[in-house]
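Take a look at the structure below.
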Amino acid sequence: MTESATLERPKAAAQPSATATTQKLWYDGELADPRALQATLGTHAMHYGSGVFEGIRAYATKRGAAVFRLAEHMERMRKGAEALGMRFDPAQATEAVLATMRANRHGDAYIRPLAWYGDGGFGLDVEGKPEHLMVATTATNVHLGGNRTRVSVSKWRRNPADSLPPLKLCGAYVNSILAKRDAKGRGFDEAMFTDADGFVVECTGANLFMVRGGKVTAVEHRDALPGITRDTLIQLTGAESRPVRFEEFVEADEVFACGTAAEVAPIAEIDGHAFRDSVVTREIAAAYAAAVRGESRTGAHWLTEV
């Protein structure tokens with residue numbers, strides 16, 4: 001590791017026992033034991049959020065583990081890195097993802113690539129600061145079409161796109177943390193954002209859809225993340241994508257959130273307004289499950305075998 005100022009090896013006394021079982025983490029070109037790495041207190045990303053990340057899923061298929069829409073995730077991460085003036089090689093990051101998956105022998109997995117600015121003094125200027133890339137994977141149990149979620153409209157507004165680009169920039173997600181904390185403090189599971197003109201934006205980490213009269217509509221908003229799961233569902237369902245006012249949204253037959261982590265998550269209520277049983281949403285969840293696991297022709301080209 002060439003830049004040990006940011007991630008350093010602890011002293012030998014702090015090393016875990018050799019018999020402990022540890023998953024591998026890819027860091028700056030090599031696989032490592034994550035317990036043997038630590039960040040210094042001067043890490044720029046820790047102070048200012050100067051990093052970019054992705055949330056990616058791999059699924060166990062009949063042909064083995066496969067990563068879903070890896071190329072699209074890498075391209076979105078490249079755009080985030082570019083916005084921060086950070087070098088990013090999608091080919092290198094792709095191989096890092098696959099190498100980490102192989103090393104950890106996961107089937108179903110959540111994958112977290114992260115690029116960030118390391119140590120180098122305080123201040124907002126990132127020029128000349130060391131750049132790092134890591135990939136971590138975590139085994140996960142996947143349950144599509146899970147519990148119906150109780151949602152509340154947040155008192156906070158989503159970061160406007162003309163202030164922060166709708167990409168997965170680390171610092172941008174403080175906005176989501178504030179909204180989720182407020183909603184959960186009031187007894188809800190999740191928060192959703194609306195804008196000052198009454199249009200629906202998205203949830204804290206998921207895009208939104210509605211179903212009315214059997215017709216599926218994807219909520220479109222310039223401040224919302226251009227979700228990869230959202231795009232997948234539009235292709236699977238032929239959903240219309242357009243701006244949706246809140247009044248129309250809560251009058252729908254069904255509403256649901258979607259994202260890499262959330263997958264297809266039916267919404268039970270928004271601030272006490274209850275929705276009917278999520279029949280169409282469950283059908284969409286089943287179609288998505290078939291696509292991500294390579295069980296339908298539709299999703300075959302979206303899978304990268306590990």
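The values are calculated or read from the model by the stated rules, or taken from the named source; none is laboratory data. Small disclaimer: the values here were computed from a predicted structure and weren't measured. Note that each Cβ is placed from the backbone with ideal geometry, even for glycine, and that neighbours are counted across all protein chains shown.
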Next item on the list: Kindly indicate whether any position in region 202-209 is closer than 23 Å to ARG69 by Cβ and surrounded by fewer than 22 Cβ atoms within 10 Å (Cβ to Cβ).
Entry: yes
Next item on the list: Test ARG158 against the criterion of being buried (at least 20 other Cβ atoms within 10 Å of the Cβ), among the charged types (D, E, K, R) and in contact (Cβ under 8 Å) with a residue 40 or more places away in the chain, and give yes or no.
Entry: yes
Note to self: Out of the strands (runs of 3 or more DSSP E) lying entirely within region 23-112, which hold 3 or more residues that are within 18 Å of the chain's Cα centre (by Cα), under 20 Å from GLU263 (Cα atoms) and modelled with pLDDT of 95 or more?
What the structure shows: 56-61, 64-68
Margin query: Please pick out the residue among THR61, THR43 that is closer than 17 Å to VAL126 by Cβ and hydroxyl-bearing (Ser, Thr, Tyr).
Written below: THR43
Item checked: Inter-residue pairs, beta-carbon under 9 Å, first among the polar types (S, T, N, Q) and in region 77-95, second not in a helix (DSSP H, G or I), 6+ apart -> GLN92/GLY29; GLN92/LEU133; THR94/VAL67; THR94/THR304
Check: Quick one: would you say GLY120 is modelled with pLDDT under 95, out of contact with any strand residue (DSSP E or B) (no Cβ under 9 Å at 6 or more places or on another chain), at positive phi and part of a loop (DSSP other than H, G, I, E, B)?
Finding: yes
Next item on the list: Scan region 220-248 residue by residue and report those that are within 18 Å of PRO165 (Cα to Cα) and of a type in the set (A, V, I, L, M, F, W, C).
Entry: ALA224, LEU225, ILE228
Next item on the list: For residues that are more than 24 Å from VAL255 (Cβ to Cβ) and over 20 Å from the mean Cα position of the chain (by Cα), scanning just region 276-300, find the one that is surrounded by the most Cβ atoms within 10 Å (Cβ to Cβ).
Entry: GLY294
Check: Of GLY227, GLY213, which residue is out of contact with any helix residue (DSSP H, G or I) (no Cβ under 6 Å at 6 or more places or on another chain) and at positive phi?
Finding: GLY213
Note to self: Would you confirm, using the coordinates I've provided, whether GLU127 is acidic (Asp, Glu) and modelled with pLDDT under 95?
What the structure shows: yes
Next item on the list: Evaluate region 119-128: report whether one residue or more is surrounded by fewer than 20 Cβ atoms within 10 Å (Cβ to Cβ) and of a type in the set (A, V, I, L, M).
Entry: yes
Next item on the list: Kindly establish whether ARG69 is surrounded by fewer than 20 Cβ atoms within 10 Å (Cβ to Cβ) and either charged (D, E, K, R) or touching a Cys at 6+ places or on another chain (Cβ under 8 Å) (or both).
Entry: no
Checklist line | Options PHE256, PHE193, PHE246: the member that is of a type in the set (Phe, Trp, Tyr) and surrounded by fewer than 20 Cβ atoms within 10 Å (Cβ to Cβ) | finding: PHE246
Margin query: Show the residue pairs meeting these rules: Cβ distance below 8 Å; 6+ apart or different chains; first residue within region 238-266 and among the small types (Gly, Ala, Ser); second residue in a helix (DSSP H, G or I).
Written below: ALA239/LEU233; SER241/ILE234; GLY259/THR229; GLY259/ARG230; ALA262/THR229
Note to self: Within region 136-154, does at least one residue satisfy the condition of being charged (D, E, K, R), modelled with pLDDT of 95 or more and assigned to a loop (DSSP other than H, G, I, E, B)?
What the structure shows: no
